[in-house]
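Asks: My structure is below; once you've seen it, I'll send some questions.
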Amino acid sequence: MCLPWVRQHGFAALVVVLLVVAEITVAAGSTEGPAAVRYLFPLLWTVPLLFYRRAPAVIVLVVLGAITVEAYLAQPSTEADIVLLPVVLAFWIAGRIDNEMRSIVIGLVGSGLAVLTVAQNPGPVTGSDVVFLAIAAGAPYAVGVSMRAHDRSERELRRRAEELERTREAETRAALAEERTHIARELHDVVGHSVTLMTVQAGAARMIIESDPPAARERLLAVEHAGREALAEMRRLLGVLRAPGGSDSLGPQPGVDDLEQLVSGARSVGLDIELAVEGEPLTLPAGEALAAYRIVQEALTNVSKHAADPRVAVRVRYVPGAVELTIENDGDRSVGPDWETSGGHGVIGMRERVHLYGGHLDVGPRPQGGFVVRARLPIEPHTR
């Protein structure tokens, strides 16, 4: 577990340890100033360097401030050459501060502290002192600024590369979806042709089944062959339209008869559901039966996600020429689930399914509180 820390901070920790040892060695050879000052302040201008990534501005001020204060309390300790390295590191850290204005301010304040430290040296300040201070402070600061600019450029390049990768993936998905739609449209035409052929052949067989049974048999065989082809193409069409990672099952889809099982599952997650079936049940086409099931399923899902009250009434009502679905959720009048703007596509899917079969859908809040979904799916006369 410590290996990542050593890899990231090991070199800095080693440098600081060596600095601490050197500074304490210098303090031990000096007799000016209190011993506590000689041994404490070297720790103040070395140990904080370990934390320069977390608070660089604070670290710079602590290190240079400690050196300046030490110059006035135990001056010989700051005259040692070993003090130069913490100064150089402090200005390098100041140059690397990510905020440019803050970096400049910290650099100027650090320069002021460095001037105060040099001014405390015995004798007048000479030109060589000024040049030395400019080099000791300016050079590492400039290196830090250069490294900061390089880091910013590298981060920007990395961000652009990631953005380009996301754009490329989105374009690939869009192109794939367009191609899949094109293929599906072609397969739809093939299936439509096969169904048309089946209708024509079946009609011809019906007309001659009594007068010419062998010919009618040939027509029915053609219907069977076209049906098999249409089924095969339909499977291919479903394979094209199926989302990547989706289920490959081609088994029977759920319908109205499976609502009891759906309600039982919803009750197990905390919903209080009352299911009622009114009228004489009719056999719906598979597509409409699936649409009715999905509408109830989506409504119950929205109740579990957004409604404060778990009580739900589900009513399936068979009327002449249609089946009506009503899903009502009780709730406070002032608070209701905003299904239309909740960020999902459930209501949109409901509308698409209902409109596909020429039905009607109402979704909205109830006057007495809560929410209601009402759907009407027409039933073709031959289905009844």
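Asks: Assigned to a helix (DSSP H, G or I) and over 22 Å from L89 (Cβ atoms): which single residue out of R166, R148 fits that description?
Replies: Values: R148 fails: over 22 Å from L89 (Cβ atoms).
Going through R166, R148 in turn, the sole match is R166.
Asks: Moving to a separate point now. Yes or no: L164 touching a residue at least 12 places away in the same chain (Cβ under 8 Å), more than 23 Å from R53 (Cβ to Cβ) and not assigned by TED's automatic domain parsing to the domain that holds P86?
Replies: Numbers: touching a residue at least 12 places away in the same chain (Cβ under 8 Å): no; more than 23 Å from R53 (Cβ to Cβ): yes; not assigned by TED's automatic domain parsing to the domain that holds P86: yes.
Taking the combined requirement at face value, the residue does not satisfy it.
Asks: Same structure, new question: Restricting the range 278-297 to residues that are β-branched (V, I, T) and surrounded by 15 or more Cβ atoms within 10 Å (Cβ to Cβ), which is farthest from G359 (Cα to Cα)?
Replies: As a first pass, look at the range 278-297 and keep what is β-branched (V, I, T): 283, 295-296.
Those still in the list that are surrounded by 15 or more Cβ atoms within 10 Å (Cβ to Cβ) too: 295-296.
Details: I295: 12, V296: 15 Å.
So, considering only residues that are β-branched (V, I, T) and surrounded by 15 or more Cβ atoms within 10 Å (Cβ to Cβ), the one farthest from G359 (Cα to Cα) is V296.
Asks: From the residues in the range 199-226 that are buried (at least 16 other Cβ atoms within 10 Å of the Cβ) and within 19 Å of D189 (Cβ to Cβ), which one is modelled with the highest pLDDT?
Replies: The extreme case among them is Q201.
Asks: Quick one: what pairs do we get from the range 251-279, first residue free of Cβ contacts under 8 Å to residues at least 12 places away in the same chain and in the same structural domain as P320 (by TED's automatic domain parsing), second of a type in the set (A, V, I, L, M, F, W, C) and surrounded by 14 or more Cβ atoms within 10 Å (Cβ to Cβ), C-beta under 7 Å, 6+ apart or different chains?
Replies: That search, which allows pairs on different chains as well, returns R267/I273.
Asks: (1) closer than 30 Å to L73 by Cα; (2) in contact with a Ser or Thr (Cβ under 8 Å, 6 or more places away or on another chain); (3) modelled with pLDDT of 80 or more: which one isn't true of F132, the others all being true?
Replies: Result: F132 fails condition (2) only.
Asks: If you don't mind, there's one more thing I want to ask. Only one of (1) closer than 28 Å to N99 by Cα; (2) of a type outside the set (K, R); (3) under 20 Å from the mean Cα position of the chain (by Cα) is not met by A136, so which one is it?
Replies: (3)
Asks: Oh, and also: Identify, from the list A90, A94, A114, the residue that is more than 48 Å from the chain's Cα centre (by Cα) and either at pLDDT below 85 or crowded, with 18+ Cβ neighbours inside 10 Å (or both). Lay out the reasoning, then the answer.
Replies: Values: A90 fails: more than 48 Å from the chain's Cα centre (by Cα); A94 fails: more than 48 Å from the chain's Cα centre (by Cα).
Result of the check over A90, A94, A114: A114.
The values are calculated or read from the model by the stated rules, or taken from the named source; none is laboratory data. Computed from a prediction, not measured in an experiment: that's the story for all the values here. Note: ideal-geometry Cβ built from the backbone for every residue, glycine included; neighbour counts use all protein chains shown.
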